[in-house]
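Report on one structure; see the data block that follows.
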Amino acid sequence: MNAVTLGPAGTYSHRAARAVAAEVSFRESVTAIVDAVADGEFERGVVPIENSIEGSVTESLDALAEYDVSVTREVVTPIRHALLAQDDAFEVVASHSQALAQCRNWLEAEYPDAGLEAVASTARGVERAREDARVAGIGHPDNAGDDLSILAADIQDQTSNATRFLVVAPDSARSDAGGKTTLIVYPNANYPGLLLELLEAFADRNLNLSRIESRPSGERLGDYLFHFDVDAGLYEDHMAKAVGDVEAIADKGWVKVLGSYDTEHVLD
């Protein structure tokens, strides 16, 4: 099996993808990853969906809503950020925007004069640090190699920092089996009690929503779609009935069921 994820090699996405496939290729954006899977170029894609500090990755949410794909697996990995540089005379810290945000307090306390530069991935920031002594990167300590120093380890603001990755597959791979289900709902409506109706479809059947997010639909201002993670599989009768109720409520819009899947924890 081949998989595609955020590159270059050495990103946290790469670490998660190695639990999915032996052969891993790279793209520079989540949208490009999901597009490549939808087009059949790759069997699987691995995209970050949520971080325990900074919350959801909005590009991933929007790409899942735009493309016809399924979700077949969830990979959760701890995030251990280290500050990597040629020496401590750097002027700029370059990393992915999420990594910079996850280390915001530490950077402000330890290097208040350093500039911050958002780049496509943590690995891209580490590459910049290798190329330029004025730049430090943020990444896993293993990414230091022989040419960078680990100036500080575990610099994330919360020790419990972890990221959820979703394994994206072609729509034909969608499964009803698994302990969690993700669906996206576009009601194409706006009236008092609409969201309550959607929530009651799950609450009335004692189904737990582990995540709910709203995102702009892009159709008009104030118009939203909703992402739901439910702690149940589609093979379960009460879950299937809840989805049926949601489809009836959103009859003027659409419901995209991405599938049911299980969770794997990657600890290295």
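The values are calculated or read from the model by the stated rules, or taken from the named source; none is laboratory data. Computed from a predicted structure; not experimentally measured. With ideal geometry, Cβ positions are generated from the backbone for all residues, glycine too; neighbour counts draw on all protein chains shown. In case anyone asks, the SASA skips ligands and DNA or RNA and just uses the protein heavy atoms, side chains included. Shrake-Rupley method; radii C 1.70, N 1.55, O 1.52, S 1.80 Å.
When Glu213 is tested against (1) of a type in the set (Asp, Glu); (2) closer than 16 Å to Ala248 by Cα; (3) part of a strand (DSSP E or B), only condition (2) is not met.
Among residues of region 184-212 being at positive phi and in contact (Cβ under 8 Å) with a residue 12 or more places away in the chain, the one that is most open to solvent (accessible area, probe 1.4 Å) is Asn206. Please verify whether Arg80 is open to solvent by 60 Å² or more (accessible area, probe 1.4 Å), modelled with pLDDT under 95 and of a type outside the set (Val, Ile, Thr), treating the condition exactly as stated. Yes, satisfied.
Restricting attention to region 219-265 and to residues that are farther than 22 Å from Val168 by Cβ and among the small types (Gly, Ala, Ser), the residue that is farthest from the chain's Cα centre (by Cα) turns out to be Ala248. Restricting attention to region 125-154, the residues being open to solvent by 70 Å² or more (accessible area, probe 1.4 Å) and either not acidic (Asp, Glu) or not in a loop (DSSP other than H, G, I, E, B) (or both) number 5.
Residues satisfying the criterion are present in region 98-120 (criterion: in a helix (DSSP H, G or I), among the polar types (S, T, N, Q) and open to solvent by 50 Å² or more (accessible area, probe 1.4 Å)). Checked against (1) open to solvent by 30 Å² or more (accessible area, probe 1.4 Å); (2) assigned to a helix (DSSP H, G or I), Leu64 passes all but a single condition, namely (1). Taken over region 8-60, residues that are in a helix (DSSP H, G or I) and acidic (Asp, Glu) amount to 2. Scanning region 165-180 for residues that are within 22 Å of Ala242 (Cβ to Cβ) and surrounded by 14 or more Cβ atoms within 10 Å (Cβ to Cβ), which turns out nearest to the chain's Cα centre (by Cα)? Once the filter is applied, the top-ranked residue is Leu166. One residue is enough: does region 7-27 have a residue meeting the conditions open to solvent by less than 40 Å² (accessible area, probe 1.4 Å) and either among the aromatic types (Phe, Trp, Tyr) or assigned by the TED database to the domain that holds Gly218 (or both)? Looking for residues that are open to solvent by less than 40 Å² (accessible area, probe 1.4 Å) and either among the aromatic types (Phe, Trp, Tyr) or assigned by the TED database to the domain that holds Gly218 (or both), one finds at least one in region 7-27, hence yes.
Cβ-Cβ distances below 7 Å connect the following pairs, each with a first residue in region 41-52 that is among the basic types (Lys, Arg), a second residue that is part of a strand (DSSP E or B), and a separation of six or more residues or different chains: Arg44/Ala3; Arg44/Val167; Arg44/Val168; Arg44/Ala169.
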